[in-house]
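Okay, so here's the structure we're looking at.
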Amino acid sequence: MLTRFDSGFVFRKVHAIGAGVCLAAASLFCTPSLEFSVATAAESGTEVNEDGASKIRTLPGFEVELVYSVPKDQGSWVSLTTEKPGRLVASDQYGRLYRITPGATAESTKVEPLTAKIGRAQGLLYAFDSLYVMAHAGDDQPAGMYRLQDTNNDDQYDQVTLIMPLDGGGEHGPHAIVLSPDGKSLYVCAGNHTKPPVFQSTALPATWEEDQVIPRQWDAGGHAVGIMAPGGWIAEVHPEGKGVRLVAAGFRNEYDIAFNSAGELFTYDADMEWDVGAPWYRPTRVNHVVNGAEFGWRSGTGKWPVYYPDSLGSVIDIGPGSPTGVTFGTGAKYPAKYQHAMYIADWSYGIIYALHLAPNGATYTAEAELFCSAPAMQVADMVVNRHDGLLYYVVGGRRTQSSLYRVHYRGADSVALAPPAELTEPQQTRRHLEQLWHHPVGRPAVESVWKYLASPDRNLRYAARIAIEHQPSEAWKPQLSQAHDPQTTLEKSLAAVRCRVPDCKAAIMPQLAALKWDELSVDQRLHLLRVYGLASIRLPDFSAADWQTIVDQVAPRFPSGNVPTDLELARLLTAAQHPAATATMLQLLQAAPTQEEQIHFAYCLAYAKNGWTPALREDYFRWFVDSANLRGGHSFSGFIANIRKQAVESVDWTQMDKAATASLEAVLALKPTETDPQAELAARPVVKQWTMDDLLAKVEAPLEGRDFENGKRMFAVTQCFKCHRFDGIGGMVGPDLSAVGRRFSKHDLLESLILPNKVVSDQYQATIFQLVDGRVITGRVVNLNGDQYMVQEDMLNPGNLTSFKVADIEEMKASEVSMMPASLLDTLTEDDILDLIAYLRSAGDPNFNEVQSAR
């Protein structure tokens, strides 16, 4: 049966998806029995055959209902808020504001334009008897936050006041407005193209800088060139727009923010999709926005790795996507689990996730569950309407067709009001540190927080260090020269360097140099390397002798065998211009199983001036010839070209004889030859067409004495690293596999490798488009703009998109074929496969002891 979708094209209904696991197509965790909710008129009191809601997949017990299909003359809606009881207000991305009174059916829903001459809002909030509008510039309307008030009680906003002017616009401009947990102030957020306003106070000490140990390269495609720290920011402001306080920064483009029922703030930050395939790519991720947080976005290649101690990490990484609206289920008439859930929207892939948060020390971790999804369902914003207890979400943006939906719970579980979430003791301690000491107090603050610098909890250490940095340096400078445990030594040194405490180098450098590398954890080693890097940037009296002290301590540890540590050692030793590091970096480049590692070492080597021989130079530049076969986002090839250009500029031709010069010029003249990654797999000889019966018994037996290094090699040989991240390394266009050992049985893991098409999860499911010209396009919709679709057909080449118009679609349906290539294991031996399974099982399963002896 064919049915008409809201966007105007034909969509063939697809039957329910059964339970199971698919490695290549699995979500961050696979939802058992994920299926469509196909309501009937008898169930919901409304016709659903032609409204699009019946094509939206949701969880058992939930049902999606169309509230309103937005006519083209009312624009493309991108923001949403509740107003007076039961009503909503929405904004067209390029036009005015609309008031919605939801009806029992789509036909009875009432929509009217507001008379106030303001719009283009990407953030709306009704509070303090006012409608707050985060407006973008246009039609003589400056950008900023406006307060709209009804002064004559005619139910229209006749007074419009700009209370917070902002310099920024576009899709990285000013965004959401939310009410503080105590109901006394507002919190606002803005993307990285919004200049920070004048802050009257800052929870994050105003010492932010770029902090690049080796030179940063700007985006090769020209995006965000010249935009400096602090990047996207979140601030607290008085209801009248006064007293702006910076809360957190270092975001790329956080479109929305939300508090949970315990008063903790969260956001869903954007990736830079053009960076996919590069080591500086950061996936879309959910951040716990603690007071004074820095999340390390820097433009171009300058993004901070998640392990830098002067920043904070994520609650959960989602992967490529386009984050938009977020909210919590507080007040929803849903089961308790979903009242406490955080809902996040991915505009590109048409997904709403329900995140289930769990305490993790002083912060949280989360599991992501697909809550609603459909191809081309570009969710822009969401809100819980406490009048009816339903989640409302709006689809729209970039002039695409808009619709307003709501989600009912029809299941048997109780929907009684759940008690608020409670803070754990570490979370209470962290909040106590933030509230009491994240402003100048003096010696009492230092005495109260100092012990937390040694905490095993990263967030407690961070909160304590931020408190220290807020205090006058004379209140804590005496502590710098005193002996402390390694963790405290690292934290106090980081604070001293960041604050440029006068004459601190003489106190901290000997203590850092005295730290015993072998007695430090991996995190502490990374911390040490970061402090050294910052010292070389920030301390005015940093000298060649200091570099030599660092080299003497860390160079003998290179390579360390730990990937993040080796990446940072390469960065630091390049900055030190240590000659012996050059050959080591080239060896690591040539042996690296992932393109991200290769590019990092190639990037560092582009700035290395010492330690070269003619043979090393030629081997290095031959890598650029081979790099043509690497794949990535829109800026990927440009970044590689710019790295090569820098490397050529770093060559000291005066130190080379004629023969070496001619030989290197010949290598530089070589033209790269691209090959098909699938052809590379096909070129490997087939060992056997493996079946479950061939391997299951051996996989389910104890995997004793397996070779982890060979398992890692097989992960690379089968191209898995190109799409998947594992144990902190690899690509991100497919799901992160680091936790498969904990989440999936051996049977399911093997089945997903041998039979990738058996179960295909919605999150990574492709769509088949039959076009009117006869073409058939199969892939994932990753972008929409007006009437234009952009589809990723090849996960191994994520930057190559196919575009076509909505009007050219004759039919579309969900693909039953995984985007993961079939027969990946057929070129591996039995031992190779068992090593691969052991490798995959090791990282995510804390109880996986059967192969520990092989580590």
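Per residue, the convex hull around the alpha carbon atoms of segment 164-255 comes to 100 Å³. Taking 7 Å steps out from each Cα toward its Cβ at Asp552 and Lys451 produces label points 3.7 nm apart. For segment 376-438, the set of trypsin sites (Lys or Arg not before Pro) satisfying both a DSSP loop assignment and a count of at most 14 other C-beta atoms within 10 Å is given as Arg386, Arg410. When Lys671, Lys805 are compared by accessible area at a 1.4 angstrom probe, the order from most to least is Lys671, Lys805. Within the chain, antiparallel bridges make up roughly 95 percent of the DSSP beta bridges whose residues both belong there. Of the options Gly191, Ala137, Thr207, report the single residue whose Cα projects farthest towards the positive end of the charge dipole of segment 133-229 (beta-carbon charges: Lys, Arg +1; Asp, Glu -1). Of Gly191, Ala137, Thr207, it is Thr207. Phi angles of segment 354-364 translate, via the Karplus equation with coefficients 6.51, -1.76, 1.60 and θ = phi - 60°, into HN-Hα couplings of 9, 9, 9, 7, 9, x, 9, x, 8, 10, 9 Hz per residue; Gly and Pro are given as x. How would you classify segment 296-368 from its alpha-carbon gyration tensor, with a ≥ b ≥ c the square roots of the eigenvalues: rounded for a/c under 1.5, else prolate if a/b is greater than b/c, otherwise oblate? Oblate shape, in that a/c is at least 1.5 and b/c is the bigger or equal ratio. Taking label points 7 Å from Cα along the Cα-to-Cβ direction, Lys671 and Glu793 give a separation of 2.5 nm.
Ranked by the mean number of other Cβ atoms within 10 Å of their residues, highest first, the peptides 282-290, 572-580, 623-631 come out as 282-290, 572-580, 623-631.
In summary, the lysines within cross-link reach of Lys609, defined as a Cα separation below 20 angstrom excluding same-chain residues under 8 places away, comprise Lys645, Lys658. Excluding ligands, DNA and RNA, the accessible surface per residue across the chain is 37 Å² with a 1.4 Å probe. Quick one: if the Förster radius is 45 Å, what FRET efficiency do Asp155 and Lys645 give, using the C-beta to C-beta distance and rounding to 0.05? That pair, Asp155 with Lys645, gives E of 0.15. Exceedance of the 28 Å cut-off in Cα-Cα distance is limited, within the set Lys84/Lys333; Lys242/Lys477; Lys72/Lys337, to Lys242/Lys477; Lys72/Lys337.
Carbon and sulfur together cover what percent of the accessible area of the chain at a 1.4 Å probe radius? Heavy-atom surface of the chain belonging to carbon and sulfur, 1.4 Å probe: 50 percent.
In order along segment 272-279, the phi-based Karplus estimate (6.51 cos²θ - 1.76 cosθ + 1.60, θ = phi - 60°) of 3J(HN,Hα) comes to 10, 4, 5, 8, 3, x, 9, x Hz; Gly and Pro are listed as x. Here segment 416-571 has an Rg and Dmax of 17.3, 67 Å, counting Cα atoms alone.
Placing His387, His527, His356 in order of accessible area, with the largest value first and a 1.4 Å probe, yields His387, His356, His527.
Looking at the square roots a ≥ b ≥ c of the eigenvalues of the Cα gyration tensor of segment 545-620, which shape do they give, rounded for a/c under 1.5, prolate if a/b is larger than b/c, or oblate? Don't skip to the answer; put the middle values down first.
Numbers: a/c = 1.95, a/b = 1.22, b/c = 1.59.
Oblate, since a/c reaches 1.5 and b/c is not below a/b.
Once the chain from Glu367 to Met656 is taken as fully extended at 0.36 nm per residue, the excess over their C-alpha distance is 98.4 nm. All distinct Cα pairs of segment 298-419 go into the 1/r average, and the inverse of that average, the Kirkwood radius, is 15.9 Å. Backbone geometry of segment 490-496 corresponds, through the Karplus equation with coefficients 6.51, -1.76 and 1.60 at θ = phi - 60°, to 3J(HN,Hα) couplings of 5, 5, 5, 5, 4, 4, 5 Hz, x marking Gly and Pro. Counting only Cβ charges, +1 for Lys and Arg and -1 for Asp and Glu, the dipole size of the chain around its Cα centre is about 1100 debye. Among 453-460, 310-317, sorting by the average number of other beta carbon atoms lying within 10 angstrom of each residue, highest first, gives 310-317, 453-460. If the chain linking Gln428 and Ser185 were pulled fully straight, counting 0.36 nm for each residue of separation and taking away their Cα-Cα distance, it would gain 85.3 nm.
Charges were assigned to the Cβ only: +1 to each Lys and Arg, -1 to each Asp and Glu. The resulting dipole of segment 324-402 about its Cα centre is roughly 180 debye. Extension gain, Asp626 to Arg443, is 60.1 nm, computed as 0.36 nm per intervening residue step minus the present C-alpha separation. Per residue, the chain reaches -8000 deg cm²/dmol at 222 nm when only DSSP H runs of four or more residues are counted, each adding -39500 (n - 2.57). Shape verdict for segment 492-629, please, from the Cα gyration tensor: rounded (a/c under 1.5), prolate (a/b greater than b/c) or oblate. Taking the square roots of the gyration eigenvalues as a ≥ b ≥ c, segment 492-629 is prolate.
The values are calculated or read from the model by the stated rules, or taken from the named source; none is laboratory data. The structure displayed is predicted, hence computed values, not measured ones. Neighbour counts are summed over all protein chains in view; Cβ atoms, including those assigned to glycine, are modelled from backbone coordinates with ideal geometry. Side chains included, ligands, DNA and RNA excluded: accessible areas come from the protein's heavy atoms. Shrake-Rupley method; radii C 1.70, N 1.55, O 1.52, S 1.80 Å.
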